[in-house]
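The values are calculated or read from the model by the stated rules, or taken from the named source; none is laboratory data. What you are looking at is a predicted structure, and each value in this text was computed from that prediction instead of being measured. Because the Cβ atoms are built from the backbone with ideal geometry, glycine has one as well, and the counts that use them run over all protein chains shown. Calculation scope for accessible area: heavy atoms of the full protein, side chains included, ligands and nucleic acids excluded. Shrake-Rupley method; radii C 1.70, N 1.55, O 1.52, S 1.80 Å.
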Amino acid sequence: MTFYEAVGGEEAFTRLARRFYEGVAADPVLRPMYPEADLGPAEERLRLFLMQYWGGPSTYSERRGHPRLRMRHFPYRIGAEERDRWLTHMRAAVDDLDLPPHLEQPLWEYLVRAAYGLVNVPEDAEPPVINRSFTITSRDRRDGDEGETIRVSLS
């Protein structure tokens, strides 16, 4: 049995992502990091990614290619405050699943490692004041991925 199946499959990851984004929607620091008016697409991406990571369907990779988490999050300033707020909302979402400890612990440990791994500014860094735009394109064809272009504007 995969971890995905043990925690309750798609239903559990749907609940997790929904509860998490309920917190994000009301968070004045995190909400501006999501440019879409509706958080639904972000919720779906998180749900599909976590389902795949934990042994569920590979829908995420089929739709979006390799996860490339650091590259996809690069355009956003993620410091200690953003990380900690993300973890606060994710903690509430994990708690709502009411998983037994042997399932809750590896899930939470992964989420903490992921949150810390996506921090991309030193804790004492100020927001950038550079007024410049550039484009990052990833085209790793070895894994059949078509690549993705991300436009970054620092101002």
**Prompt:** Can you tell me which residue in segment 5-46 is most open to solvent (accessible area, probe 1.4 Å), limited to those that are touching an Asp or Glu at 6+ places or on another chain (Cβ under 8 Å), in a helix (DSSP H, G or I) and over 12 Å from MET90 (Cα atoms)?
**Reply:** MET33
**Request:** Filter segment 88-127 for residues that are in a loop (DSSP other than H, G, I, E, B), under 12 Å from VAL7 (Cβ atoms) and not hydrophobic (A, V, I, L, M, F, W, C) and give the result.
**Result:** ASP98, PRO100
**Prompt:** Any idea which residue in segment 47-82 is modelled with the lowest pLDDT, counting only those that are open to solvent by 70 Å² or more (accessible area, probe 1.4 Å) and assigned to a helix (DSSP H, G or I)?
**Reply:** ARG70
**Asked** ARG85 versus (1) closer than 30 Å to GLU5 by Cα; (2) modelled with pLDDT under 90; (3) surrounded by 10 or more Cβ atoms within 10 Å (Cβ to Cβ): which is the lone unmet condition?
**Response** (2)
